[in-house]
Amino acid sequence: MDVEIIIENDHESLITTTILKSKENKNVEVVPSACEKKRKKGVFNPQWLLDSQVSSFLREYKLDSTKILCIACNETFSIHYGGKNDIGRHIKLKRHINNMKSFNINRQLITSTMKPNKEIEETAAAEGAFVYHGVKRGHSYLSQQCITNVLKTIFSSSSAIAKSMSCGRTKCNSIAVNVLAPRFTQKVLTEVKEAYFYSIMFDASNKGNIKFFPVCVQYFSKIGVKKGCIIDLIDDADELATNIFENLMTVIKKSDLPFDGLTSIGADNTNVNMGNNHTVYTLFNNEIENLFKEYVDKYFSQNVAILEAIGHFCNGIENLTWNHIQKCIELTKIEDLNEDNLFNEFTELKLTFEIIKKKQVPLFDQIQFFLSNEQQKDTNTSLPMTIRQNEMDEEDEEDQTKVIRSDQLWAMLFAVNATPTPNMKKLICFLYSIPASNAYVECVFSDMKHLLNDSRNRMSVESIAAELRIRRNGSISCIDMHKYLLSQKELLEAISSNNKYTFKKQRID
């Protein structure tokens, strides 16, 4: 006797029919038993999820078709025997009813906090500009948190961005320390590396029981001399020459600055810094030959020739002669300068200057237009930006006279000249990297006095260093900062991300 098995699937159950074939070719159908029907009955049906009453919390359980997943209860239950009736019994359970209450609330919260990418970016830009403004104007983080809450209340019905802003004390501090300060400092370090030479200036100041050593740099950039840019803040109570030297060397290595590009150091004229025996200057001079001390009267009173040679370049290119350049090269001993090419480059720049000078537009206006265009390139915006905002703020009450700065004139000549002038640029970068005084470090102490006052006496050294770097290195105005952030996708992601939060303090048992 042969046995033939026919399987029929009606989406609800599997029915097995056995047909027996006898020798007389008569088919005898054997009806499956009730036990077999029950065993094959309940499997998942995708049509059930079309029901709006259960589609929000029911999901297919792919590992076992006789079970279904309830995401509200976070559990699976069997539908093997009852099918859809098992779902109805599960819905009526008390624990499911209680779980659905919290499940609906969580879904509403998740839906309300989901924002499109554009809104997230605009909110991040608003928060970053808000923190930048607060740091530049000396607002505490508690003050910024309070202002944020006020703005959210006032503009809750008219502005989605104001309603979405959340600048609490911790978030403001994290944006300043881990997003804005590293960005502006890295920009300064990149410019220093692009320049041929740089100088380091430092000083010490006591604030309570803490002694700070701000480390600043001066260098010649593509828009002229930049000075007073702070790259680090050292917290060390030891003022020994060896210790100061080691700290400065650590800063140079950590910043990845070329050591052979250091032209001078600037500090107070004390025995520890500028003496003749075992001082900071002598320790550096042992590593670098022909290192300049700071550009102060006491040093140059004994080196009048160097003072006169450098002074010719400060008057611009109009009255500069080749003899002045040769004398300067002889005294400064700059290496790897090709004098033949230097002469040709100097002649080219003189001709370029004469062409520019003959234009109908005044030379001062041409320089300002050039600086504005360069700043727009740096910030990737099409709107006019504020040049050196921190310096301009200090001069708001002074009369703005149209004085042509020689460093800005040199920067424009290098940019507009038809061919590159590497030798001449190297010479100018060396000369303009030498600081005129140590006053710019004192400006850092003035900023520190405003940000670290009696009402903010619990600020960490990390927060103080971050705010100083934003104040001294951030050259964008508060208004333009928002436009700048909208053009910087990586900054917006850093502001929105949770990676900006760092909790380094650990409990010590």
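The values are calculated or read from the model by the stated rules, or taken from the named source; none is laboratory data. Computed from a predicted structure; not experimentally measured. Each accessible area value is taken on the protein alone, full model and side chains, heavy atoms only, with ligands, DNA and RNA left out. Shrake-Rupley method; radii C 1.70, N 1.55, O 1.52, S 1.80 Å.
Which pairs in the list Lys101/Lys171; Lys118/Lys163; Lys187/Lys489; Lys358/Lys425; Lys207/Lys253; Lys226/Lys358 are over 22 Å apart, alpha-carbon to alpha-carbon? Walk me through the numbers before you get to the answer.
Working: Lys101/Lys171 32 Å; Lys118/Lys163 15 Å; Lys187/Lys489 16 Å; Lys358/Lys425 24 Å; Lys207/Lys253 27 Å; Lys226/Lys358 29 Å.
Too far apart for the 22 Å limit: Lys101/Lys171; Lys358/Lys425; Lys207/Lys253; Lys226/Lys358.
How much accessible area per residue does region 183-232 have, counting only protein heavy atoms and a probe of 1.4 Å, in square angstrom? Please report the intermediate quantities before stating the final value.
On the way: 1560 Å² over 50 residues.
Computed with neighbouring chains in place, this is 31 Å² per residue.
Counting only protein heavy atoms, what percent of the accessible surface of region 157-294 is carbon or sulfur at a 1.4 Å probe? The partial results should precede the final answer.
Numbers: 2530 of 5650 Å².
Carbon and sulfur together cover 45 percent of it.
Residues of region 412-455: accessible area per residue at 1.4 Å, in Å²?
41
Give me the 1.4 Å probe accessible area per residue for region 331-379, excluding ligands and nucleic acids, in Å². Working shown, then result.
Working: 3020 Å² over 49 residues.
On a per-residue basis, 62 Å².
How much of the accessible area of region 45-95, probe 1.4 Å, is carbon plus sulfur, in whole percent? Walk me through the numbers on the way to the answer.
Working: 1630 of 3290 Å².
Exposed carbon and sulfur together represent 49 percent of the surface.
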